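All remarks here apply to the structure that follows.
The values are calculated or read from the model by the stated rules, or taken from the named source; none is laboratory data. Fair warning: this is a prediction, and the values are worked out from it, not measured in the lab. All Cβ positions, glycine included, derive from the backbone under ideal geometry; neighbour counts span all protein chains shown.
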Amino acid sequence: MSKHNFFQQLRQNFPKSLDTPAVWAGELTYTWRDLDEATAMLANFLDSLGVEKGSRIAVQVDKSVEAMMLYLATLRAGYVFLPLNTAYQSSEIEYFIDNAQPAVVVCSPKNFGWVSKIAFKAGVKSVFTLGDQRDGTLLDRAAHHSREHQPANVSADDLAVIIYTSGTTGRSKGAMLSHGNIASNAQTLKSYWGWTKGDVLIHALPIFHVHGLFVAIHGALSNGSPMIWMDKFDPKQAIAHMAKGTVFMGVPTLYVRMLNEAALTPESTAHMRLFISGSAPLLKETFDLWRERTGHTILERYGMSETVMLTSNPYAADPRFAQQSERRGGTVGFPLPGVTLRVVDDQNHVVPTNEIGAIQVKGPNVFMGYWQMPEKTAEEFTSDGFFKTGDVGKIDNDGYVTIVGRNKDLIISGGYNVYPAEVESYLNNLPGIAESAVVGVQHPDFGEVGVAVLVPRPGAALDAGEVLQAMKGQLANYKVPKHCAVVDELPRNTMGKVQKNVLRETYAGLFKA
């Protein structure tokens with residue numbers, strides 16, 4: 001039995017009574033025995049295809065408990081899971097299949113026609129379907145296989161998952177995560193977030209991404225905790241589930257949507273232990289309003305596809321930081337135990353406290369490198385083994401980390417550095433502004449200038465000139481955007497992150513002669 005196979009580690013945490021509920025999904029209840037036997041059948045089926053250990057299993061399907069079982073079965077059998085965003089279209093799928101060269105592709109029944117054509121053309125021998133109603137050829141074929149399966153013998157350094165980055169600057173890169181990477185992070189979070197007997201997770205996230213696939217699922221399974229499964233997020237349903245759940249993980253958008261519901265009260269959330277937010281910055285206003293409405297303080301954390309989780313606001317007192325247990329809005333908390341985080345300047349020297357610089361990290365959770373990109377991998381690591389996250393931030397006197405933005409979002413205007421997140425924090429505090437995004441565009445005189453894209457509060461009428469004038473009283477002139485645009489909503493990806501690359505393209509020609 002492989003002690004390094006992450007599925008085996010999860011399985012050892014299943015309750016002794018396998019016939020108790022593991023997942024409540026609408027009218028269906030799955031037991032721990034169901035999880036064990038279904039993953040065994042799927043693993044046996046994958047083995048029967050004769051593909052080599054380490055082969056990629058590419059999966060683009062709608063969220064379902066069976067899709068989670070396929071992920072666990074892939075780990076169990078020693079193959080490499082390759083989750084793909086359900087929003088990806090043909091040219092994107094063509095790139096991923098060509099790049100990853102999977103042995104097996106699993107897609108939604110409705111997409112079989114075009115996905116199979118791309119896969120077969122690329123030399124993939126096996127293409128199956130998996131629907132969100134327990135339908136498709138994958139389950140039909142797996143149904144004939146044994147309910148017992150010996151987890152594959154793998155090392156901690158063996159590849160478990162390839163997660164493709166969002167690709168906002170050029171083609172997506174496949175971040176390679178080992179069994180050891182994901183196991184170390186799951187164990188750390190289990191302890192740091194105080195998972196305890198009796199916890200129940202409300203699973204409301206997609207499962208093609210680190211947040212829903214790793215942080216949420218691993219958290220529940222490594223604690224032997226059942227999940228309330230939501231195929232799609234509905235704010236009213238989520239609040240109703242809080243009478244039974246104790247832990248909720250969401251992106252900021254989900255919290256904003258629940259705040260719009262009258263049912264969100266201290267009484268409706270009284271059974272809950274912990275609310276966690278990530279994948280995109282949480283507005284301080286949302287943080288404060290949630291505490292005011294529910295009495296709960298959201299715990300914000302920070303991670304990446306390449307590293308899983310890196311930092312977290314404390315759940316309880318953290319003895320490494322003077323027993324600090326406060327969750328501070330606008331920060332992502334402390335480096336997790338085992339993670340080393342530093343902030344450096346352009347010469348790779350560590351900057352003083354409260355100074356802004358590039359964030360670099362090291363730890364057992366940091367990925368193995370980018371799939372088939374050795375040069376890019378070498379480029380992204382320092383000579384002393386730190387990964388360059390591409391994020392810009394600072395560490396305050398108490399050790400709290402604040403993310404200021406991405407390196408690629410930095411605006412250099414007239415030779416001065418402008419950090420969009422700093423400007424956005426001022427904009428978001430002005431009357432009538434619900435949220436903002438600041439991007440840099442080319443300018444004939446300054447090289448680059450900021451453009452502020454604003455979303456008004458309901459019923460508010462924003463005057464761009466007045467906004468710019470108000471900014472001039474608060475910020476140095478070079479930081480003040482040179483143009484304001486008012487829009488109904490900001491473009492976002494499926495995890496709620498603002499797509500600044502789309503905004504840059506939209507306003508690229510604004511100052512061209």
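Given the criterion crowded, with 16+ Cβ neighbours inside 10 Å and in contact (Cβ under 8 Å) with a residue 60 or more places away in the chain, identify the matching residue among 298, 403, 359. The match here is 403.
Residue-by-condition table, conditions (1) within 25 Å of residue 33 (Cα to Cα); (2) modelled with pLDDT of 95 or more:
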{"position": "206", "(1), (2)": "yes, no"}
{"position": "220", "(1), (2)": "yes, yes"}
{"position": "235", "(1), (2)": "no, yes"}
{"position": "245", "(1), (2)": "yes, yes"}
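Looking across the range 90-114, the residues that are touching a residue at least 24 places away in the same chain (Cβ under 8 Å) and over 24 Å from the mean Cα position of the chain (by Cα) come down to 98, 101, 103, 104, 109, 111, 114.
Just one of the listed residues (244, 284) is of a type in the set (Lys, Arg), in contact (Cβ under 8 Å) with a residue 12 or more places away in the chain and closer than 19 Å to residue 496 by Cα, and it is 284.
Within the range 422-431, identify whether any single residue is part of a helix (DSSP H, G or I), over 22 Å from residue 501 (Cβ atoms) and of a type in the set (Ser, Thr, Tyr), and answer yes or no. Scanning the range 422-431, I find at least one residue that is part of a helix (DSSP H, G or I), over 22 Å from residue 501 (Cβ atoms) and of a type in the set (Ser, Thr, Tyr), so the answer is yes. Within the range 126-140, the residues that satisfy the criterion of being within 18 Å of residue 47 (Cβ to Cβ) and surrounded by fewer than 17 Cβ atoms within 10 Å (Cβ to Cβ) are 137, 140. Among the residues of the range 370-395, those identified as exposed (fewer than 15 other Cβ atoms within 10 Å of the Cβ) and in contact with a Lys or Arg (Cβ under 9 Å, 6 or more places away or on another chain) are 376, 379, 382, 384, 385. Exactly one residue out of 6, 45 is aromatic (Phe, Trp, Tyr), out of contact with any strand residue (DSSP E or B) (no Cβ under 8 Å at 6 or more places or on another chain) and more than 15 Å from residue 163 (Cα to Cα): that is 45. Of the residues making up the range 210-265, those that are under 17 Å from the mean Cα position of the chain (by Cα), crowded, with 21+ Cβ neighbours inside 10 Å and not aliphatic (A, V, I, L, M) are 211, 212, 214, 218, 219, 248, 250, 252, 255.
So if I check each of 486, 453, 502, which one is in contact (Cβ under 8 Å) with a residue 40 or more places away in the chain and at negative phi? Testing whether each residue is in contact (Cβ under 8 Å) with a residue 40 or more places away in the chain and at negative phi leaves just 453. Number of residues in the range 3-32 that are outside any helix (DSSP H, G or I) and more than 13 Å from residue 223 (Cα to Cα): the value is 17.
Considering only the range 177-295, give the helices (runs of 4 or more DSSP H) lying wholly within it that have at least 2 residues that are among the polar types (S, T, N, Q).
Passing ranges, in order: 179-192, 284-294.
For the criterion of being touching a His at 6+ places or on another chain (Cβ under 9 Å) and either within 27 Å of residue 165 (Cα to Cα) or surrounded by 20 or more Cβ atoms within 10 Å (Cβ to Cβ) (or both), residue 305 passes. Just checking, does the range 465-483 include any residue being in a strand (DSSP E or B) and within 29 Å of the chain's Cα centre (by Cα)? Taking every residue of the range 465-483 in turn, none turns out to be in a strand (DSSP E or B) and within 29 Å of the chain's Cα centre (by Cα).
Conditions tested, residue by residue: (1) over 14 Å from residue 302 (Cβ atoms); (2) at pLDDT 95 or above; (3) in a loop (DSSP other than H, G, I, E, B).
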residue: 328; (1), (2), (3): no, yes, yes
residue: 338; (1), (2), (3): yes, yes, yes
residue: 342; (1), (2), (3): yes, yes, no
residue: 347; (1), (2), (3): yes, no, yes
residue: 360; (1), (2), (3): no, yes, no
residue: 364; (1), (2), (3): yes, yes, yes
residue: 378; (1), (2), (3): yes, yes, no
residue: 383; (1), (2), (3): yes, yes, yes
